[in-house]
Amino acid sequence: MTFQVIPMKISDLANNTGEWLRGTGAESDIVISSRIRLARNVARFPFLSRTNIKQKKELEEIVRNKIKEAEITSDIHYINLADIDPIERLFLVERHLISREHAGGEGERGVAFGKSETISLMVNEEDHLRIQVIRSGFELKEAWKTIDGVDNKLEKKLTYAYSSRFGYLTACPTNVGTGMRASVMLHLPALGMTHHIEKVFNAVMKLGLVVRGLYGEGTQVSGDLYQISNQFTLGKSEQEIIEIIESVIPRITSYERMARKALIAESREQLEDRIWRSYGMLKVARMISSEEIMHLLSQVRMGVNLGIINTIEIKTLNELFILTLPGHLQKLEGRELNAQQRNIIRAAYVRKRLEEI
Amino acid sequence: MKCESCNKKHATVHLTEIIGSTKKERHLCDECAQGVNTQLAKIPSPTEILTSLINQVAPEISEMSKIVCPVCGLSYLEFRSNGRLGCPMDYTIFRKGLVPLLEKMHGSTQHVGKVPSKAGKELIKKSELMQLRNELNKAVEKEDYEKAAELRDRIYDLSGDTNED
Ligand SMILES: [Zn+2]
Ligand SMILES: [Zn+2]
């Protein structure tokens, strides 16, 4: 069992991505990833909005040490977010290892994660501990199995704030109960193009689920990537919540497939033209903004799914969504870049990746 | 000194306004000063606005508004304005206000999911202890002191480690 409390070099991560982008698992043409997170708090401490600096430091130490003692995986690393610069924090946000709120927070806080980046544990986020598991494809049940196991190991070491009435007690009452948010990230370009996406949202919301963009709450939808997750956390068991989401996803994926078929049947030439133009743009452009690249990658990804383009792997496209984000480009270059510099480096990076194929 | 508002009459009223960290002197005539006062009187104070709003929205909150958590010092009003609780105890202290809120958020107020194994053990321990205490009472009633002593020791053993972290 090795546990590196000394932070690993973030730059070591910059050239690859976590396992959840591998494009494997069920329905991985449309379902990018399945993610579950659990919010937990240590019983004898106030929630973080009411802790003083000393308590916050003490909490960070306790939770960090308990994570270490719990022996979650053999290769877990811990990074204290106060020790790294804002670009590195942005980098971790882009990889979904920490949340935006965690990156932008203050004081003693950190994140532990394994080499595959499947499991991450945020210390002193909104709650004392947030456990997260991400898997490639439509794998919520497997993700639950993993996270339940991690939680069981930790609860042997930590006494959680819990009541039999309200379940796991959280800083925000919107998370109380299971403390669980289960979400599935979907790529739905055809539903977007055919303007059927609103219908999906309305149906999903009626089931008490919410739709968000790539980086969660309040973020804009780009690259036709959507996250569908549960809103309620109290009154239903973890399994029930997962079952609700699991029952909805296949309907959305088959709806997306229908929309793709309809596009091909009605306007094959236009669709192929759009996809090949996007591919061409990625191969020749000298400057690409982050908004534009999401759109281009989305089009090409659909092209690969439809067999229109067959020289690129889905894995490569999934990874490019993340590797071309501002934090990653700056980490790759090893310096701060303004928007224009990023656009130049982004275009060069994508050209290089596509030439390698 | 002439009134700075109308510039005609003699200034008889001298007001000091404090806005943030800056102090501002105002010199007005009787008539203009009256105007200022009635204007000020028309504006309700922030607390009045808040209270009337709360009274409109939910009458039960106004009774909750006085409640402050003795553990973390958070008041119910602070919780309602920023949506974050201060400590696990708040779920008990603010229960009356929280229950309808949770009902609205989640459509339920009763947890039915995972139970930490520790909480499970505690529950088992509690019921075991209850049983032993009942037996102890019976033993004492029957004047079976040997049995009572044995039960007492078992209760001590069991409750001794309930406080273990
Ligand atoms: Zn005047
Ligand atoms: Zn409190």
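The values are calculated or read from the model by the stated rules, or taken from the named source; none is laboratory data. All values derive from a computational prediction rather than experimental measurement. Because the Cβ atoms are built from the backbone with ideal geometry, glycine has one as well, and the counts that use them run over all protein chains shown. Please note that ligands, DNA and RNA were not included when accessible areas were found on the heavy atoms of the full protein model with its side chains. Shrake-Rupley method; radii C 1.70, N 1.55, O 1.52, S 1.80 Å.
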* **Residue in region A:232-254 that is farthest from A:Val184 (Cα to Cα), counting only those that are open to solvent by 10 Å² or more (accessible area, probe 1.4 Å) and within 13 Å of chain B (Cβ to nearest Cβ)** => A:Gly235
* Asked: When only residues in region A:324-343 that are more than 20 Å from A:Ser222 (Cα to Cα) and buried (at least 16 other Cβ atoms within 10 Å of the Cβ) count, which is farthest from the chain's Cα centre (by Cα)?
  -> A:Leu337
* Meets criteria (open to solvent by 10 Å² or more (accessible area, probe 1.4 Å) and of a type in the set (Phe, Trp, Tyr)) for A:Tyr162 -> yes
* For B:Leu129, work out the one condition from (1) at pLDDT 90 or above; (2) open to solvent by less than 70 Å² (accessible area, probe 1.4 Å) it doesn't fulfil. => (1)
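Here's the yes/no breakdown for (1) facing chain A (nearest Cβ under 7 Å); (2) surrounded by 15 or more Cβ atoms within 10 Å (Cβ to Cβ); (3) modelled with pLDDT of 95 or more:
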position: B:Asn82; (1), (2), (3): no, no, no
position: B:Phe94; (1), (2), (3): no, yes, no
position: B:Gly97; (1), (2), (3): no, yes, no
position: B:Lys104; (1), (2), (3): no, no, no
position: B:Lys118; (1), (2), (3): yes, yes, no
position: B:Lys121; (1), (2), (3): no, no, no
* Taking region A:95-150 only, how many residues are among the hydroxyl-bearing types (Ser, Thr, Tyr), surrounded by fewer than 21 Cβ atoms within 10 Å (Cβ to Cβ) and within 13 Å of the chain's Cα centre (by Cα)? -> 1
* **Per-region count, region A:11-26, residues outside any loop (DSSP other than H, G, I, E, B) and hydroxyl-bearing (Ser, Thr, Tyr)** => 1
* Per-region count, region A:27-57, residues in a loop (DSSP other than H, G, I, E, B), open to solvent by less than 40 Å² (accessible area, probe 1.4 Å) and away from ligand 2 (no atom under 14 Å from the Cβ) -> 2
* To do: Would you check if A:Ile228 is in contact with a Leu (Cβ under 6 Å, 6 or more places away or on another chain) and within 14 Å of chain B (Cβ to nearest Cβ)?
  => no
* Asked: Say we look at region A:173-205 and pick out the residues that are within 12 Å of chain B (Cβ to nearest Cβ) and more than 21 Å from the chain's Cα centre (by Cα); which of these is nearest to A:Gly235 (Cα to Cα)?
  -> A:Gly177
